[in-house]
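The values are calculated or read from the model by the stated rules, or taken from the named source; none is laboratory data. In this text the structure is predicted, and so the values were computed from the model without any measurement. All Cβ positions, even for glycine, are placed from backbone atoms using ideal geometry, and neighbour counts span all protein chains on display. For the accessible areas, the whole protein counts, side chains as well, though only heavy atoms, and no ligand, DNA or RNA atoms are used. Shrake-Rupley method; radii C 1.70, N 1.55, O 1.52, S 1.80 Å.
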Amino acid sequence: MNTLSIRNLHASIGDKPILRGLNLDIPQGEVHAIMGKNGSGKSTLAKVMAGHPDYTVTSGDVLLNGQSILGMEPDVRARLGLFLAFQYPMEIPGVTIANFIRAAVQARLPEGEELEATEYYAKLYAKMDELSIPRAFTSRSVNEGFSGGEKKRCEVLQMAMLQPRYAVLDETDSGLDIDALKVVSSGVNALRGPEVGMLVITHYQRLLDYIVPDKVHVMAEGEIVLSGDKDLALKLEAEGYDWVTAKN
Amino acid sequence: MNIVSQHQISSDLPAWFSEQQKQAWTEFQSVPQPTRHDELWRFSNLKILDLARWHLASAPADVDALLARSRGLSDLAAKLVFANDRLILREIKNLPEGVLLLPLEEAARDHEALFERYFMKHPTLLGSAKIAALHRAQLKTGAFLYVPAGVKVEKPIELWHWSEGDHIAIFPHTLVVCEEGSSASVIDHFFSMNNEASFVAGVNDLIVKADAHLKYIAVQNWSRETTAFHLNTTGVGKNAVATSLQLNLGGRYIRTESNSRLLEEGARSVMLSINPMDADREVDQRTFQDHLAPSATSDLLYHNALDDRSRSVFSGLIKVGTAAHETDAYQKVRNLMLSDEAEANSMPGLEILADRVRCSHGATSGELNQDELFYMMARGIPPQKAAKLIVRGFFETVLRRLEEPSLEKYFGHLLDRRLALG
């Protein structure tokens, strides 16, 4: 039961079908990677799971520990334990990181219970130290004027503070140089554990040198066309995606 | 007796001042009412000019309760509290020598030459000359702050103007003079004691001489039944900086007129406004950035968030006079539309008569950014809370322009309370 299950998922944007019968099971405690060419539907899968209003699910289901989440608003899904690290995190002018994460943590408390500010900041600063994020960041507006690496570190910081049961990382490596990639990856690895299932979406094998997956899936034309262990990523890197498509 | 038919002159005021008040009363009676054909009243709600409903205020009933609620910043230089145009508290904690902070009647009596030199010297150009004349005629008291040359008042000075009573009218007045090289911060509070209908005709005039720095913040939180005019002129001298913020939290119908004059080379005027609006509230703002000298800067930033059936009007003119070469003048009004029934009217204007000028002006209207909303919801924040946070952030970007963290924090708390953000 402790699984994030995607069952025969079909989704479109406007009239255009993007996901065409996708099946995938991510048990808690495992890290799965999805690789695929641009346009294969990887990012759409991430957004559909999180509940982005631009996409319509035409059939299939997504179950979080057995419970269907497709009818739920994005915030309800998030509070159930689903986290999406965005490929392009939004800038929110005038809202500080500290207040933003605080609102997210507060939203998980029972009605009427107030977040204890001292404890919150102690935890926030500890997580920031782990991710080498300077303290001054707390008073900056969310993602505003951030470098690519700072945005991705901020995503991982949010994940660390919210402790999701399932995390979907959408192209977390895009726009990162090798140093930033190492910092972000070690932040993600620190969150691995028996209580967390992760889905790492990436175009390049490089990220998987640092976040080593238990399973690797290849996506094409809106479905999973091949699954294997971490060596599959190396083979894709060496031989390209056409090999998979030709095989099918 | 209403404020249109009864003219009452306070016996506390010196004869020279009363004489001016009589003239102002005559002027009030002779100036015609604006009409909807008047450009400065375009899109305005003319019902607010129905003045016969309002009566002169009697003394406040519960002074203790008013004082108990006159609490702003914890660390202050001084505080004056007025209620129904009467001084009810004068608290001087830490004012440097030579600084005058006086009720207007004392200033007119004991510092006649000084006070007379600055009192309502500039005409009201943005539509409410009749209201300004009424204000001058019916004035009883107000705040006069004089900061001598070179004196820096480190901590803020707080002024409070309360209204208490149904269908009363009050005439709050604030005059600030910062002499050469001086500096001060003034927070002017405009609050209603109860949810009663009232009328306010307020004037604030700011004179900022060469190299002086003044921050002036008007926090308006009138009752939901209040009609208020706040008429401002600001004069900025050589290399001086005037920063003013209007934080309009309350009121039913609010009209502000802000006339900022860049009088000498290198003068800088920052004009800010934050307007959270809901229900059927209306905020009508008229501004004039009047560049009279070279190499000066004016920078206007107004942010309105409009919910329910609220309505905003903005009309602003940047005028760069023939001598005002190398001017930098900016004007930006942003309307965040939170409801289909809300209405924003913006009329930016520009008139350039000099060379080598950098000007920009513009008004934008937009809805909540759906991608920002989704991002916040994807973190578990419920949509209503997320929307409030986005609105709060929209206002915070204006507050940051105060460049004074302790003030940003104080006004931030007031906005949190206004938006019911915990």
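Listed values, structure above:
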| quantity | calculated |
| --- | --- |
| For B:H303: the one exception among (1) within 14 Å of chain A (Cβ to nearest Cβ); (2) open to solvent by 20 Å² or more (accessible area, probe 1.4 Å); (3) under 25 Å from B:A242 (Cα atoms) | (2) |
| Residues located in the range A:135-165, provided they are surrounded by fewer than 16 Cβ atoms within 10 Å (Cβ to Cβ) and touching a Leu at 6+ places or on another chain (Cβ under 9 Å) | A:G148, A:Q163 |
| In the range B:60-79, residue most open to solvent (accessible area, probe 1.4 Å) [restricted to those that are in a loop (DSSP other than H, G, I, E, B) and over 23 Å from B:L415 (Cβ atoms)] | B:A61 |
| Candidate set from the range B:5-27 (those that are open to solvent by 50 Å² or more (accessible area, probe 1.4 Å) and in contact with a helix residue (DSSP H, G or I) (Cβ under 6 Å, 6 or more places away or on another chain)); member that is farthest from B:L114 (Cα to Cα) | B:H7 |
| Segments classed as helices (runs of 4 or more DSSP H), wholly inside the range A:77-174, with at least 1 members that are at pLDDT 95 or above and either within 9 Å of chain B (Cβ to nearest Cβ) or touching a strand residue (DSSP E or B) at 6+ places or on another chain (Cβ under 9 Å) (or both) | A:97-106, A:148-162 |
| Filtered residue count, the range A:44-59, keeping only those that are among the hydroxyl-bearing types (S, T, Y) and crowded, with 20+ Cβ neighbours inside 10 Å | 1 |
| Residue match in the range B:311-329 (condition: under 30 Å from A:P89 (Cα atoms) and more than 14 Å from chain A (Cβ to nearest Cβ)) | no |
| Residue satisfying condition, being facing another protein chain (nearest Cβ under 7 Å) and surrounded by 16 or more Cβ atoms within 10 Å (Cβ to Cβ), within set B:F394, B:F411 | B:F394 |
| Restricting the range A:60-76 to residues that are farther than 23 Å from A:G222 by Cα and within 11 Å of another protein chain (Cβ to nearest Cβ), the residue that is least open to solvent (accessible area, probe 1.4 Å) | A:D75 |
| Any hit, the range A:210-224, residues being open to solvent by 40 Å² or more (accessible area, probe 1.4 Å), away from chain B (no Cβ under 14 Å) and not charged (D, E, K, R) | yes |
| Test: residue in the range B:379-390 that is in a helix (DSSP H, G or I), exposed (fewer than 15 other Cβ atoms within 10 Å of the Cβ) and either more than 8 Å from chain A (Cβ to nearest Cβ) or within 21 Å of the chain's Cα centre (by Cα) (or both) | yes |
| Hey, B:H7 in contact (Cβ under 8 Å) with a residue 12 or more places away in the chain and part of a loop (DSSP other than H, G, I, E, B) or not | yes |
| Breaking point among (1) under 14 Å from A:G36 (Cβ atoms); (2) not in a helix (DSSP H, G or I), for A:A233 | (2) |
| Evaluation of B:A363 against (1) part of a strand (DSSP E or B); (2) buried (at least 17 other Cβ atoms within 10 Å of the Cβ); (3) within 13 Å of chain A (Cβ to nearest Cβ) (one fails), failing number | (3) |
| Meets criteria (outside the structural domain of B:D416 (by TED's automatic domain parsing), open to solvent by 50 Å² or more (accessible area, probe 1.4 Å) and among the hydrophobic types (A, V, I, L, M, F, W, C)) for B:L350 | yes |
| Some residue of the range A:13-25 being touching a residue at least 60 places away in the same chain (Cβ under 8 Å), within 23 Å of A:D214 (Cβ to Cβ) and among the small types (G, A, S) | no |
| The lone exception for A:S174 - which of (1) under 14 Å from A:T96 (Cα atoms); (2) open to solvent by 20 Å² or more (accessible area, probe 1.4 Å); (3) not hydrophobic (A, V, I, L, M, F, W, C) it fails | (1) |
| Condition broken by B:R71, with the remaining ones in (1) touching a residue at least 40 places away in the same chain (Cβ under 8 Å); (2) more than 22 Å from B:P123 (Cα to Cα) satisfied | (1) |
| Residue check for B:S360: among the polar types (S, T, N, Q) and modelled with pLDDT under 95 | yes |
| Tally, over the range A:89-99, of residues that are touching a residue at least 12 places away in the same chain (Cβ under 8 Å) and either under 18 Å from the mean Cα position of the chain (by Cα) or open to solvent by 40 Å² or more (accessible area, probe 1.4 Å) (or both) | 4 |
